[in-house]
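Here it is, the structure, as C-alpha cells.
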Amino acid sequence: MPRSSDHSRDPCPYVIFSDLGASFAMGAVGGGVWYGIKGAKNSPRGERFPGALASLKARAPVLGGNFAVWGGLFSTFDCGMKGLRQKEDPWNSIASGFLTSGVLAARSGPKVALTSAALGGVFLAVIEGLGIAISRLVADQNRPMSPQLPEIAPPASH
Amino acid sequence: MSRTNIEDEETFEPIYAAQEDFNPNDTVSSFLNTAYDPARLHPLAGLGGGGGLDYLNLEDDAGTLPGAHGGSSILPSRGWSDDLTYGTGLTYITGLTLGGAYGFFEGLRSSPSPAFKIRLNTVLNGMTRRGPFIGNSAGVLALMYNGINGGVGRARGHYDPLNSVLAGGLTGAIFKSTAGLRAAGSAGGVCAVAAGIWAYGKEALNL
C-alpha cells in the first residue's frame, strides 16, 4: 500500500538547502555543548571557562560542517532517488544513506568505502524501520471504530 | 400512515418513506442525471470564469511571495525557522564553494609535479583545507546572525532592518570575542555594516 507523500517537507530541490542548514545548526549547537563540556572537564581548575571556549571554538564548527555535508549529500541523493524512481519509499532513504556514506569515504579506497556505505545503509534501514514501527503503533490508536447504530423500529407495513 | 410534520408535533417521530412516494416508473438515471448547478452549492463555485480556475496562471513571481516577516521579497520565507535553515544552508554552501574554489586554484598553482595523480591529490588537499574552514565559519556566522535576528525581532515585537544591524554587530562581536576587545569591536562593526547592507539592500530592491 503506497504511503501518502510527506507534505511537511518543502519540495525537492529547495529542501536540500533547508536540510543543509538544519544539519549544520544541529551539529554546531550540539558540538558546542559537547566540546564545551569536554573542554571544561579537561582543563585545570582555574581555566575551565577559557578551556571550554577554546575547545568549542575549534571543534564545534567542524562538527557542524561534517553534519552539514552529511545531511546535504543525503538530501541530494534522496531527491535524486525520488526523481529517478518516481516513488516515495523508505528505500529512497536507505539507498541515500548507502551512497552518502560511500561517497564520503571514497578517498580511502574502494574496500573502506564499501564498508562505510554498507554501514550507512544499515543505519538508515534501522531508522526507517523504527519510524515505520512507531507510525504503526500510533496509527493503531486511531483505528476507525464502526459507530453503534441505534435501534430503529422497522417501518410498519400496510 | 400519514407523514408527521415536524413543526406540528412536540415529539419527534421517525419519518419513514410512505408507500405513496414510490413511483414504479422511476429509474436510477431520473434522479442521477439532473443538471447540477455548483453556484447553488457554494458561493465560491464557478471561480475563474468560463475556463475554470487555471492554477498555472496564478501570480507566482518571486516578488509577490512573502519574504521573511511579511512583505514580499525575492527570498521567500515563512518565518524564523525558514530563515535559520535556508539562510544557514545557503551561506554554508556558498562559503564551501568559494573556499573550495580558492583551494582548487591554490592547489593547481603549488603542485610539486605535473603528473595527474599528484596534481589531483594536491588540488583535493587544497580544497579540503580551505573549503570547510571558510564554509564552517560562514555557517556559524549565519547561524548566530539568524538566531539573534529572530530573537531580537521577537523581543521587539516587530521586524526592522535595524534588527539586522544589531544582530550583525552582536554576531561579529561574539565571533571575535576571544581575541580581545578591539578585535571584537572591529569585527562587530564590520558585520553590522554588512548586515545593514544586506537588510536595507533587500528592502530597497523590493520597493
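Just checking, which of B:A101, B:A68 is modelled with pLDDT of 70 or more and either exposed (fewer than 10 other Cβ atoms within 10 Å of the Cβ) or over 30 Å from A:P155 (Cβ atoms) (or both)?
Among B:A101, B:A68, only B:A101 is modelled with pLDDT of 70 or more and either exposed (fewer than 10 other Cβ atoms within 10 Å of the Cβ) or over 30 Å from A:P155 (Cβ atoms) (or both).
Of A:G65, A:G97, A:G109, A:G102, which residue is on the phi > 0 side of the Ramachandran plot and either out of contact with any helix residue (DSSP H, G or I) (no Cβ under 6 Å at 6 or more places or on another chain) or surrounded by 10 or more Cβ atoms within 10 Å (Cβ to Cβ) (or both)?
After applying the criteria, what remains is A:G109.
Given the criterion closer than 21 Å to A:G27 by Cβ, part of a helix (DSSP H, G or I) and among the charged types (D, E, K, R), identify the matching residue among B:R182, B:R154, B:R129.
The conditions single out B:R129.
So, one more: Among the residues of region B:83-93, is any in a helix (DSSP H, G or I), surrounded by 15 or more Cβ atoms within 10 Å (Cβ to Cβ), away from every other protein chain (no Cβ under 11 Å) and small (G, A, S)?
No, region B:83-93 contains no residue that is in a helix (DSSP H, G or I), surrounded by 15 or more Cβ atoms within 10 Å (Cβ to Cβ), away from every other protein chain (no Cβ under 11 Å) and small (G, A, S).
Do any residues in region A:61-84 that are more than 18 Å from A:A105 (Cβ to Cβ) and away from every other protein chain (no Cβ under 11 Å) have Cβ atoms under 8 Å from those of residues that are surrounded by fewer than 22 Cβ atoms within 10 Å (Cβ to Cβ) and among the polar types (S, T, N, Q), where the two are at least six apart or on different chains, and which pairs are they?
Between residues of region A:61-84 that are more than 18 Å from A:A105 (Cβ to Cβ) and away from every other protein chain (no Cβ under 11 Å) and residues that are surrounded by fewer than 22 Cβ atoms within 10 Å (Cβ to Cβ) and among the polar types (S, T, N, Q), the close pairs are A:D78/A:N92; A:D78/A:S93; A:M81/A:N92; A:K82/A:N92.
The values are calculated or read from the model by the stated rules, or taken from the named source; none is laboratory data. All values reported here derive from a predicted model rather than from experimental measurement. No Cβ is skipped: glycine too gets one built from the backbone with ideal geometry, and neighbour counts run over all protein chains shown.
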